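In what follows, a single structure is set out as structure tokens and then discussed.
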Amino acid sequence: MKKILVTGSNGLLGQKIIYALRDRKAEGIFCISTSRGNNRMKVKDGYVYEPLDLTDNNELIRIIQKHKPDTIINTAALTNVDACESKREEAWKMNVETTENLINICKDENLHLIHLSTDFVFDGLNGPYTEEDAPNPLSYYALTKHEAEKKIIDSKIKWTIIRTIIIYGVVDDNSRSNVVLWAINALKNKQTITVINDQFRSPTLAEDLASACISAALKNATGIYHVSGREVMNILDLVKIVADFFNLDSSYIKPVSSLELKQPAKRPLVTGFIINKAMKDLDFHPHSFLEGLSYIKNQLKLVATDTKD
Ligand SMILES: NC(=O)c1ccc[n+]([C@@H]2O[C@H](COP(=O)([O-])OP(=O)(O)OC[C@H]3O[C@@H](n4cnc5c(N)ncnc54)[C@H](OP(=O)(O)O)[C@@H]3O)[C@@H](O)[C@H]2O)c1
């Protein structure tokens, strides 16, 4: 039996990993879902849930010793890039210190740590990036994620770092938005949105990323992996594709440059990943962005039907 403990299971990626693991229970995969506070997923059977604030190291140790997983997938983080710029202490505590705690328990209990990181570790001058390229974080969020990576790489534990880019998908409780849902909601409500026109990214369907994380666990793949969609696109074009796909009025989209927008945290201009290593080792075959949007369309229909009931 494989026992996988997931942190941040109320989040976008966390929810998708729990659903995917739940579907594979018959293969002998047992899943321990943990997040801060109550379980916000709609389906509550087929896995065990433990409330776990990762900043409480004693609680982390207690839960690991209670369930004895062999793998931890760490999706939990302070992910609001601009908030990390102003809440530096909180960002360091959550993104760096909790990773140190996870490394320690993995060392003590001989566990495999699969940790999520970001394209923002790069400066965006030479994207798309391979796993061998040198990080150069531009914001405090990026710095904390890079520090956590360095601590993992320098540890003697069995580790995997999965870096990803703009995750999109639908979560159960609508507690998490992302660029695709944001654009759909704003344009449906005929709100003008300013969209950055000089930053390039590879949008990643949350379900695709979840399958790569699980694959790393089951295949015991170690090292750094770049896991994202294949297409590198301007965020402005990304939002225009969303508008076209959902038949929404794109005249509400107002292009703006990074210089004009003045976001609190500096972002890399061009990222995107070369994903050959993940394709080969993790059997990772991401959907195209248009396929991903069809996925979202069906999920939004299901949410609408559920709400009517
Ligand atoms: N989203 C992206 O576009 C993106 C891009 C690149 C990399 N990443 C990385 O991918 C990973 C997953 O991202 P995501 O979009 O799924 O993030 P998310 O939706 O923000 O989920 C993060 C989860 O972590 C939980 N969390 C925060 N502080 C915690 C604490 N002290 N103890 C326990 N749980 C805590 C949050 O809990 P609450 O729900 O209670 O707030 C949330 O459920 C993160 O490591 C992120 O840095 C994300």
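Descriptive notes on the structure:
- Calculated on alpha-carbon atoms, Rg and Dmax of segment 171-226 in Å: 16.1, 48
- Using a cutoff of 8 angstrom between alpha carbon atoms and counting only pairs six or more residues apart, the relative contact order for segment 11-89 works out to 26 percent.
- Cβ crowding within 10 Å averaged over residues, with 277-290, 215-228, 186-199 ranked highest first: 215-228, 277-290, 186-199
- Alpha carbon convex hull of segment 193-309, volume per residue in cubic angstrom: 144
- Share of alpha-carbon pairs per 10 Å distance bin for segment 110-244, given as whole %: 11, 36, 35, 15, 3, 0
- For segment 18-85, applying the loop criterion from DSSP together with a ceiling of 16 other beta carbons within 10 Å to the chymotrypsin sites (Phe, Trp or Tyr not before Pro) yields no site.
- Mean Cα-pair separation over length for the chain, i.e. relative contact order, pairs under 8 Å, 6 or more apart, %: 19
- P(r) tail, the chain: Cα-Cα pairs separated by more than 35 Å, 16% of all pairs.
- Contact order relative to length of segment 115-206, as percent, for alpha carbon pairs under 8 angstrom and 6 or more apart: 29
- Pairs from the list LYS66/LYS145; LYS188/LYS262; LYS16/LYS297; LYS16/LYS240; LYS188/LYS297; LYS188/LYS254 with a Cα-Cα gap above 20 Å: LYS66/LYS145; LYS188/LYS262; LYS16/LYS240.
- Cα long-axis angle, helix 206-218 against the chain (0 to 90 degrees, to the nearest 10): 20
- Annotation: lysines with alpha-carbon distance below 20 angstrom to LYS68 (same-chain offsets under eight excluded): LYS2, LYS3, LYS25, LYS107, LYS156, LYS158, LYS219.
- Taken about its Cα centre, segment 38-156 carries a charge dipole of about 460 debye when Lys and Arg each add +1 at the Cβ and Asp and Glu each add -1 at the Cβ.
Coordinate-derived values only; no laboratory data. Every value quoted in this text rests on a predicted model; they were computed, and no experiment measured them. When we count neighbours, we look across all protein chains shown, and the Cβ atoms used for this are built from the backbone with ideal geometry, even at glycine.
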